[in-house]
Amino acid sequence: MNKKILAAVSSAALVLGATSANAGIIIPAGEWTLDVNGNVNVYATMQDYDDATAIGLSGAKDARGEDKNYSINTGLLPAWLGFTGTTRQNDLDVSFTISMQPNVSDNGAAGDTKAPLYRQAFLTFGDASWGTVKMGKDLGIFAGQAILADMTLLGVGGGYSTSGKSTTLGGIGSGYIYPAWKGQIAYTTPNMNGLQLTVGLTNPNQGNDTPADIYQDRFGFEAGVTYALENGKIWASGASYEVQDTTYSWDATAGDIGATLNFGNLGITGYVYATDGVGTTLFGNGGAITGSELEGQGGYAQVTYVIPSGTKLGVAYGLSELDDTANGDLENERWTVGAYHPLTKHLNLVAEVNMMEGSDDTGTAESKAFSLGAILFF
């Protein structure tokens, strides 16, 4: 994958402003510079389900026992249209970002029932000498680097399902917890010889619990640190929330660490996380049951190699576990084998095979999918 597409991936998933490294379509506008950026991605996916009942993220046959399903959807990234304006005023770098994520498919009879997503609306101000403040809705800090390092960000990964879905899951729930899109007030330090720290107050997004909906008693606290190496980066992050439902309360905490290293055409990524009272897949999804906090853990390992044609070949294994659920210990496992070919500097052709297995005390369920499509960045 060339540097332009790498920059565009990060820009589409976590837009931080218009720079020469990740700029899209640049429009001068008086004191402002407007960057219009985003992507369109489309995948034809055939899913095969081995079992009548789904466990975890495995998927299952339909009510008539059909074991195959076909869909044309986006992958892990939704289609994306983002607008970032930047200016320099009173010795401050000031910016805003607003984005929308339309759908490329729909399973309604008329094909127009799906509503678009709106994942970003934030402002920033700061200076290279002392750092940057962000205020508004953007990708969460905890596990944010994990999703950006996932090779299925260019493809489908797990969570393939029926037609008309807005996105798939990639490695969410089978390797890492979804960072989600959260209102936040966050501060990022200047780059200190490759080291940067981000700390923030985050909106306590509502999760779900057994048997009742949950409510957070305070703002969330999230933090992350990255250290850039000559051939990659190391990162770590954490989150803390206080949660209460109608009968009891608990602390929801999480931490992770990961690294990506590149040796010529070879790329290696390793990542692990641990949670308490958080649940799995979505932050706050089943974090406790009958007053007891559930512990979770997982991670993923990923190896990619760019062959002489420029095609990146990759294989990844991901695992997410949640202990002591109502049906015992839950495991979601994923294998992904993918090929990502840069047809142009903006357009990638993608082929992936994804295999999911979910298991708990009730048994094991398996499914697999083949996807073929393209992703265009601008």
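When the residues of the range 267-293 are filtered to those that are at pLDDT 95 or above and of a type in the set (A, V, I, L, M, F, W, C), the one that is nearest to residue 356 (Cα to Cα) is 272.
The set of residues in the range 153-171 being outside any loop (DSSP other than H, G, I, E, B) and more than 16 Å from residue 80 (Cβ to Cβ) consists of 157, 158. When the range 100-134 is filtered for residues that are surrounded by 15 or more Cβ atoms within 10 Å (Cβ to Cβ), part of a loop (DSSP other than H, G, I, E, B) and of a type outside the set (Lys, Arg), the ones remaining, listed by number, are 102, 103, 104, 105, 106.
Which one of these is assigned to a strand (DSSP E or B) and either of a type in the set (A, V, I, L, M) or within 20 Å of residue 180 (Cβ to Cβ) (or both): 55, 26?
When all the criteria are applied, what remains is 26.
Evaluate the following for residue 339: is it out of contact with any Lys or Arg (no Cβ under 6 Å at 6 or more places or on another chain) and buried (at least 23 other Cβ atoms within 10 Å of the Cβ)? Considered against the rule, which asks whether it is out of contact with any Lys or Arg (no Cβ under 6 Å at 6 or more places or on another chain) and buried (at least 23 other Cβ atoms within 10 Å of the Cβ), residue 339 comes out as no. Out of curiosity, is residue 258 part of a strand (DSSP E or B), small (Gly, Ala, Ser) and either surrounded by fewer than 19 Cβ atoms within 10 Å (Cβ to Cβ) or in contact with a Cys (Cβ under 9 Å, 6 or more places away or on another chain) (or both)? It is false that residue 258 is part of a strand (DSSP E or B), small (Gly, Ala, Ser) and either surrounded by fewer than 19 Cβ atoms within 10 Å (Cβ to Cβ) or in contact with a Cys (Cβ under 9 Å, 6 or more places away or on another chain) (or both). Within the range 150-182, being small (Gly, Ala, Ser) and either buried (at least 24 other Cβ atoms within 10 Å of the Cβ) or free of Cβ contacts under 8 Å to residues at least 12 places away in the same chain (or both) holds for 155, 157, 158, 159, 170, 171, 173, 174, 175. Only one of the listed residues (295, 357, 321) is under 25 Å from residue 74 (Cα atoms) and of a type in the set (D, E, K, R). That residue is 357. Mind checking which residues of the range 286-315 are within 24 Å of residue 363 (Cα to Cα), crowded, with 19+ Cβ neighbours inside 10 Å and either among the β-branched types (Val, Ile, Thr) or under 17 Å from the mean Cα position of the chain (by Cα) (or both)? Residues satisfying the conditions are 298, 299, 300.
The values are calculated or read from the model by the stated rules, or taken from the named source; none is laboratory data. Keep in mind the model is a prediction, meaning the values are calculated, not measured. Every residue, glycine as well, gets a Cβ built from its backbone with ideal geometry; the counts of neighbours run over all protein chains shown.
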